[in-house]
1. Could you please find all residues in region 220-239 being among the hydrophobic types (A, V, I, L, M, F, W, C) and in contact (Cβ under 8 Å) with a residue 60 or more places away in the chain?
2. Considering only residues that are assigned to a loop (DSSP other than H, G, I, E, B) and under 25 Å from GLY139 (Cβ atoms), which ones fall in region 171-209?
3. Every residue in region 301-333 that is among the charged types (D, E, K, R) and under 13 Å from GLY446 (Cα atoms), please.
4. What's the total number of residues in region 215-230 that are more than 16 Å from the chain's Cα centre (by Cα) and either at positive phi or part of a helix (DSSP H, G or I) (or both)?
5. Which condition does TYR427 not pass, out of (1) in a helix (DSSP H, G or I); (2) buried (at least 21 other Cβ atoms within 10 Å of the Cβ); (3) over 21 Å from the mean Cα position of the chain (by Cα), if it passes all the others?
6. Can you tell which of ALA407, ALA391 is buried (at least 23 other Cβ atoms within 10 Å of the Cβ) and either under 26 Å from ASN324 (Cα atoms) or in contact with a His (Cβ under 9 Å, 6 or more places away or on another chain) (or both)?
7. Return the pairs, sorted by first residue and then second, in which the second residue is assigned to a loop (DSSP other than H, G, I, E, B) and aromatic (Phe, Trp, Tyr), the first residue lies in region 199-219 and is buried (at least 20 other Cβ atoms within 10 Å of the Cβ) and modelled with pLDDT of 95 or more, the beta carbons are less than 7 Å apart, and the residues are 6+ apart or on different chains.
8. Just the residues that are more than 20 Å from the chain's Cα centre (by Cα) and at pLDDT below 95, please, taken from region 365-408.
Amino acid sequence: MKINNVIKATRVIFISLLFFSCQKDFLNKNPLDMVSSETFWKTDADLKMALAGCYDRLKGDGWAGFPENFQGGYLDGLTDIAYVYWSLFNISDMSRGNITPNSDLVGNYYRCCYRAISSCNYFLDNVDKVTTVAENQRGVYKGEVKFLRALFYFDLVNVFGGVPLYKTLPVDAESSKIAKSTKEELLAFVLEDLDFAISVLPDNAYTDGHAVKGSAMGIKTRVLLSQRKWADAAALTQQIISSGKFSIYNDYPNLFLNKGQTNNPEIMFSCKYLSPDWTGGYGYNIEYSAHIFLRKSFRDAFECTDGKPISESPLYNAENPFANRDPRFYYTIRLPGEEWPGFYLYDSFNPTGVMNRKYLDPTVSGSYNDRTLNDWDFVLLRYADVLLMYAEAKNEASGPEASVYAAINQVRSRPGVNMPPVDQSKYNNQSSLRDYIRHEREIELGVEGRRYFDLKRWNIAHTFLPTVKDADGNFLVFDQKQYLWPFPQSELDSNPKLVQNPGY
């Protein structure tokens with residue numbers, strides 16, 4: 001959908017509310033009908049409904065949504081972690097360097113972000129009309145929406161670089177035709193929104209779908225890392241750690257299933273679902289439809305239980321690569337012969353020889369109805385990521401020190417994982433520890449959508465990805481121009497002031 005069409009659509013706001021009952025939390029309501037802007041913006045209830053509509057944008061375009069709720073395994077399909085069999089988003093083609101202004105993923109990503117930004121701007125343009133709500137409460141609502149707007153603009157910057165910056169909703173289609181701002185200007189705006197959110201959001205644990213102070217601080221850390229502001233990122237993550245509001249959860253696989261997500265101390269922000277009104281479909285798409293498989297290079301990256309890589313560990317047996325591995329291996333990868341109630345058995349269809357299990361519930365059958373009704377939340381930020389961001393930032397700022405090893409070991413020592421601590425005699429300088437932190441991020445956060453952005457911000461995607469073999473035996477392709485995606489052709493056609501990114 002072109003940006004001017006998005007603007008027209010938001011003149012009458014569609015309020016998509018999460019969950020199912022009229023409980024105290026205002027996100028817990030059924031979806032309502034369209035509401036005219038002439039009769040809206042009168043009461044606190046109106047603000048709550050409009051806020052819920054902004055959160056609803058996290059789900060993108062339904063079952064084919066991007067960028068937030070579907071980015072895990074799909075975007076990891078552009079890396080050494082996953083192979084995406086499904087052709088709808090052209091991800092397999094993109095991993096081979098075939099990315100064009102007409103690629104499905106390019107248009108979908110751009111459209112979903114701007115639809116979300118339009119909803120956020122519409123809210124912010126009108127929130128102060130409701131004078132019956134106390135100013136401090138309106139401030140919290142504004143903080144939540146500015147947090148969401150920052151999240152979506154940061155998504156755009158991560159893939160397109162500079163993009164058109166709309167701080168308010170354009171008054172008409174013509175005024176939406178503007179040139180792109182620079183990446184630096186956009187990141188400054190993102191940080192401004194996040195700083196506002198940090199100043200007004202409650203300093204609580206994340207429990208009910210509403211962003212809290214820690215949510216905004218965690219996303220701000222990602223921005224600072226992308227700018228290589230190591231000392232600032234280390235200081236900010238240290239504040240999160242010292243707050244005591246979040247902690248490592250003791251059940252790794254159930255972090256990603258509804259049975260472990262209620263009031264989970266590790267989850268800092270997520271895309272919320274509840275069956276039957278709002279279901280995710282992620283489990284259905286990656287298992288029932290066999291969209292996502294894992295690469296052997298990812299399988300081989302997991303250490304053995306002695307904390308050594310398979311190239312060094314005496315516990316590794318090439319004839320049985322599934323034995324004696326980091327417990328996260330078994331929480332992420334399905335084993336041959338494992339009893340599985342899902343639709344695809346190990347030998348049904350398996351182009352890479354490695355099948356995914358993260359975000360899949362082995363107790364749910366593979367039927368269409370059971371899989372499409374899954375409602376576990378998609379986790380967008382968690383405390384383990386914060387600890388690893390702290391370790392990275394602190395190591396880059398000042399080199400190895402006790403707090404860096406402690407942060408990594410806190411992730412590795414999770415109950416049920418209990419991996420040995422980092423070998424400080426081996427990883428004893430900034431360079432070697434940098435590599436180890438990057439490895440730990442790959443293992444801990446695999447199939448969650450962080451790897452692609454990590455490889456790009458480390459500026460190694462163009463040298464590393466061409467060493468990775470695809471399912472057909474050919475190597476992945478990533479050249480310098482792919483650090484930025486092309487703008488969708490439909491946007492170039494509708495906005496003559498938008499200039500295509502180099503190389504497309």
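1. VAL223, LEU224, LEU225, TRP230, ALA231, ALA233, ALA234
2. LEU201, PRO202, ASP203, ASN204, ALA205, TYR206, THR207, ASP208, GLY209
3. Residue satisfying the conditions is ARG328 alone.
4. Number of matching residues: 3.
5. Among (1) in a helix (DSSP H, G or I); (2) buried (at least 21 other Cβ atoms within 10 Å of the Cβ); (3) over 21 Å from the mean Cα position of the chain (by Cα), the lone unmet condition for TYR427 is (1).
6. Every option except ALA407 fails the conditions.
7. VAL212/TYR206; GLY214/TYR206; GLY214/PHE246; SER215/TYR206
8. If the condition is that a residue be more than 20 Å from the chain's Cα centre (by Cα) and at pLDDT below 95, then SER365, GLY366, SER367, TYR368, ASN369, ASP370, ARG371, THR372, LEU373 are the ones that fit.
The values are calculated or read from the model by the stated rules, or taken from the named source; none is laboratory data. Source: prediction; values computed, not measured. A quick note on method: Cβ atoms are made from the backbone with ideal geometry, for glycine too, and the neighbour counts reach across all protein chains shown.
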